[in-house]
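Contents: one structure, followed by commentary.
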Amino acid sequence: MSTAADLDLVLGALADPRRRHVVELLRERPRSAGELAEAVGLTPAALTRHLRALKRGGVVEDAHPAFDARVRVFSLRPESMAALKAWLGETERLWSEQLAAFKAHVERGGP
């Protein structure tokens, strides 16, 4: 993830609670689209739209198992989460610096 646009795609993909539920399920293990649709309680067509958003955001990837090319198995792409964690870490660092500066200002009895 090298640009703000890439980060926007990841955050957009994770903005929907059903997509976050898919991510939680995929943390356990890779799953087929059918398994995910059933677990999330969506029709296959509705889930396809959510999976497309997760793929576009780089959060998930799919593969066809050797035994059946009609089946798509989805799994998480850790790279997108690592980049998101790095961005969150940097944001937290900046907030911590600002809060520490504010605390020092208050303790000095600033205006």
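No lab work stands behind these numbers, since they all come straight from the coordinates. Remember, it's a predicted structure, so these values are computed and weren't measured experimentally. Glycine gets a Cβ as well: all are built from the backbone with ideal geometry, and neighbour counts include every protein chain shown.
Annotations for the structure displayed:
- Electrostatic dipole magnitude of the chain [Cβ: Lys, Arg +1; Asp, Glu -1; Cα centre; debye, to 20]: 200
- Counting neighbouring beta carbons within 10 Å and listing from fewest to most, the residues 32, 80 come out as 32, 80.
- Considering only Cα atoms, the convex hull volume of the range 25-111 works out to 142 Å³ per residue.
- With Cα atoms, 0 to 90° folded angle of helix 78-107 axis to the chain main axis: 20
- Crossing angle, helix 44-56 versus the chain [Cα axis fit, 0-90 degrees, rounded to tens]: 50
- In plain terms, the residue of 48, 43 with the fewest other Cβ atoms within 10 Å comes first and the most crowded comes last, giving 43, 48.
- Nearest-ten-degree value, helix 4-14 long axis tilted from longest Cα axis of the chain: 60
- Based on Cα contacts under 8 Å between residues 6+ apart, the range 32-87 shows a relative contact order of 30 percent.
- Legend: ranking of residues 60, 10, 106, 40 from fewest to most surrounding C-beta atoms inside 10 Å; resulting order 106, 40, 10, 60.
- Over the chain, relative contact order from alpha-carbon pairs under 8 Å, at least 6 apart, %: 27
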